[in-house]
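A quick write-up on the structure given underneath.
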Amino acid sequence: MGILAVVVSIIAIGAGASNLSFFSVVQTLLGHGTKQAKIIIFDIRLPRIIAACVAGIGLAVSGCVMQSILKNPLASASTLGVSQGAAFGAAFAIIVLGAGMTDQAADSVAIANPYLVTCCAFISSMLSTFVVLGLSRFRHITPETMILSGVALSALFSGGTTLLQYFSSDVKLASVVFWTFGDLGRASWKEIAVMSVVTSALLLYALYNRWNYNALLSGEQSAKSLGVSVDVLRMVGMVLCSLAAATIVSFVGIINFIGLIAPHLMRRLVGSDYRFLLPTSALCGALLMLLSDTAARMIISPIILPIGAITSFLGAPLFLYLLVKGADRC
């Protein structure tokens, strides 16, 4: 899986409006390419590819951990309201705080203050998490009910976003739609570094607790009898997963279903042992993001399609499949 991800990464770097051969990409990465190839690879495509890998790993691991601690195969950032919360925060920043605009010269849409949009998206997405965790902590709702709370919050944030869009101008409405498309190209090296730190922390924490997740497979009471502090594991896991998902969504926009698809695909290949499921899900998430981004850039090149639409086309059929066939309990 790791070798496949590296090969796909090199192919993805070469794919685009200005095609580069596999040999040319490898040569440039080793420091022997032409000046034009170096500009294309190091300034444009490499940040995009690394952002895709980091985002895919973060979303996949967060989905895998959420499905374990909530005992629900449909748990992910998309179904817990994190993504919808981020969309509401971005819409609030663009419409109410005036962070969106159009580039008249280029006849395109641009975000005037991306940091304000990112900050509001992050705060709003974390708000959804804290509401769900607050209900769990003080009203003692079950993990299954936490998913329903996330669905309710998703509807609430979607309604709020719709109202903001209804009263906005055409320019601001276009900026909101542009942000929600999801775009890996908007992440700079500084933002990739932030995503990498948060994703690495989540991955290390998840791998450290792999035996605890395995214990939860036998039931909450069995895990407690083995010395697992289930409540702490659930609370800390939810905070870290939501933090990683919120950070990624804030920087690259709405990207649905990666956290749902990757763990389920790998569960069928390596089983439910989290010693193997966590690392393979991370690699699968990176691979799915690379394939989706490459497809988004190549289908009607040079036009780049929204990657959020591509991942939704992949995830929606699986979601329906799980509903129809019934997924095994995690």
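The values are calculated or read from the model by the stated rules, or taken from the named source; none is laboratory data. The model shown is predicted, which means the values in this text are computed figures rather than measured ones. As a convention, Cβ positions derive from the backbone with ideal geometry for all residues, glycine included, and neighbour counts pool all protein chains shown. Each accessible area value is taken on the protein alone, full model and side chains, heavy atoms only, with ligands, DNA and RNA left out. Shrake-Rupley method; radii C 1.70, N 1.55, O 1.52, S 1.80 Å.
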For this session: Examine the stretch 60-72 for a residue that is modelled with pLDDT under 80 and more than 12 Å from the chain's Cα centre (by Cα), and state whether such a residue exists.
Result: yes
For this session: Report the residue count in the stretch 169-225 for those that are more than 22 Å from the chain's Cα centre (by Cα), touching a residue at least 60 places away in the same chain (Cβ under 8 Å) and open to solvent by less than 20 Å² (accessible area, probe 1.4 Å).
Result: 1
Exercise. Exactly one of (1) farther than 16 Å from residue 297 by Cβ; (2) crowded, with 19+ Cβ neighbours inside 10 Å; (3) at pLDDT 80 or above; (4) not aromatic (Phe, Trp, Tyr) is unmet by residue 39. Its number?
Worked result: (2)
For this session: Take the stretch 167-214 and flag every residue that is in a loop (DSSP other than H, G, I, E, B) and touching a Leu at 6+ places or on another chain (Cβ under 7 Å).
Result: 209
For this session: Output yes when any residue across the stretch 15-31 is polar (S, T, N, Q), crowded, with 19+ Cβ neighbours inside 10 Å and either more than 22 Å from the chain's Cα centre (by Cα) or farther than 11 Å from residue 290 by Cα (or both), and no when none is.
Result: yes
Problem set entry | Residue count for the stretch 58-76, restricted to those that are of a type in the set (A, V, I, L, M, F, W, C) and either within 15 Å of residue 142 (Cβ to Cβ) or part of a loop (DSSP other than H, G, I, E, B) (or both) | 5
Problem set entry | Subset of the stretch 77-94 [in a helix (DSSP H, G or I) and polar (S, T, N, Q)] | 83, 84
Seminar exercise, completed: Among residues of the stretch 274-318 being in a loop (DSSP other than H, G, I, E, B) and open to solvent by less than 60 Å² (accessible area, probe 1.4 Å), the residue nearest to residue 263 (Cα to Cα) is 306
